[in-house]
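Below is a structure I'd like to ask you about.
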Amino acid sequence: MTQSSKPVGSASKPVGPGTGDAITSLFGRSKAVIGVVHLAPLPGAPRYKGEAVEDIYSQGLDDARAYLEGGCDGVIVENHGDIPFSKPDDIGPETAAYMSVISDRIRRALGRPIGINVLANAAIPALSIASASGAGFVRVNQWANAYVANEGLIEGEAARAMRYRAKLRANGIKIFADAHVKHGAHAIVADRPVEEQVKDLVFFDADAVIATGQRTGHAADLGYIRLIKEAAGLPTLVGSGVTPDNARDILDIVDGVIVASSLKYDGVWWNKVEKARVTAFIAGLKK
């Protein structure tokens, strides 16, 4: 059912035209499981120590293969090793260059849907990488409004990003936008309910909405997830804190999950993906 035929939350009319079911169109089914490829620090980032770029590419490809061979429906390629993250206008062209190469290799080698997330909130570099590598979607942590994050004041990227996507003639690239995203304070818009902030994502033409907890690996309350899902009226995912213990309950509410930490060795985000954990996670969803 599209946004145009379903009320958003308690409103009698939708707040945006909607774009169909982005989850089903990308992954061929609802209830998608998407793994996150946390790239090692890339050249130009503070934690990069001169490692061979081919080794970084190989590690990223290995993690993507573990997710997909373990049963995930797709992956997001993310520069999570580039801590501390820069604000969008401070991210160098080298980040887009290296991420384009590894993203293209993953897509060609594994033939499954991939997405791009450039931290922090760098929607335009993400769209350039997606266009160059054939990725199907980008994740943008602050699509509308603004919040105070680890990196400082982060403003919504929708206006610039949508014009840039049109300039690239890349309108097929879907926008997965976070609502009330982790790692930040939303005091700037605290006079507006979370439901209204979610509807702003719809109004600014997001294709899917992502709910998160407070930080990487932190699980959001089920009631909070349900609130975001009902307000969105769009395909909704949970993007943090998904584990084998809570995944089925979460997927009873939303249309997909984005998972990483709980599928790594020892459950630690900076470790490699453990294929056996992925396989067990997917098997647990089928019981």
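How many residues, within the stretch 137-153, are among the aromatic types (Phe, Trp, Tyr) and assigned to a loop (DSSP other than H, G, I, E, B)?
Applying the first criterion (among the aromatic types (Phe, Trp, Tyr)) to the stretch 137-153 yields 137, 143, 147.
Going one step further and asking which of them are assigned to a loop (DSSP other than H, G, I, E, B), we end up with 143.
Adding up the residues that qualify gives 1.
Okay, moving on. Which residue is least open to solvent (accessible area, probe 1.4 Å), if the candidates are limited to the stretch 263-287 and must be more than 18 Å from residue 40 (Cα to Cα) and of a type outside the set (A, V, I, L, M, F, W, C)? Let's see the steps before the verdict.
Keep residues of the stretch 263-287 that are more than 18 Å from residue 40 (Cα to Cα), which gives 275-287.
Now restrict to residues that are of a type outside the set (A, V, I, L, M, F, W, C): 275, 277, 279, 284, 286-287.
Numbers: 275: 90, 277: 83, 279: 66, 284: 21, 286: 161, 287: 169 Å².
Only one residue fits best here, namely 284.
Quick one: in the stretch 39-56, of everything that is within 22 Å of the chain's Cα centre (by Cα) and open to solvent by 20 Å² or more (accessible area, probe 1.4 Å), which residue is farthest from residue 23 (Cα to Cα)?
Filtering the stretch 39-56 down to residues within 22 Å of the chain's Cα centre (by Cα) leaves 39-42, 45, 56.
Imposing the further condition that a residue be open to solvent by 20 Å² or more (accessible area, probe 1.4 Å) reduces the set to 40-41.
Details: 40: 28, 41: 29 Å.
Among them, the one singled out is 41.
Same structure again: What number of residues within the stretch 255-287 are modelled with pLDDT of 95 or more and among the aromatic types (Phe, Trp, Tyr)?
Number satisfying all stated conditions: 2.
Where in the stretch 9-126 are there helices (runs of 4 or more DSSP H), lying wholly inside it, with at least 1 residues that are closer than 22 Å to residue 170 by Cα and touching a Pro at 6+ places or on another chain (Cβ under 8 Å)? Steps first, please.
Working: elements: 22-27, 53-69, 93-110.
The qualifying helices (runs of 4 or more DSSP H) are 22-27, 93-110.
If the requirement is being more than 16 Å from residue 177 (Cα to Cα), modelled with pLDDT of 95 or more and open to solvent by 10 Å² or more (accessible area, probe 1.4 Å), which of these qualifies: 221, 252? Walk me through how you get there before you give the answer.
Values: 221 fails: modelled with pLDDT of 95 or more.
On inspection, the qualifying residue turns out to be 252.
The values are calculated or read from the model by the stated rules, or taken from the named source; none is laboratory data. Being a predicted model, the structure only gives us computed values, none of them experimental. Ideal geometry is used to build each Cβ from the backbone, glycine not excepted, and the neighbour counts take in all protein chains shown. Heavy atoms of the whole protein, side chains included, go into the accessibility calculation; ligands, DNA and RNA do not. Shrake-Rupley method; radii C 1.70, N 1.55, O 1.52, S 1.80 Å.
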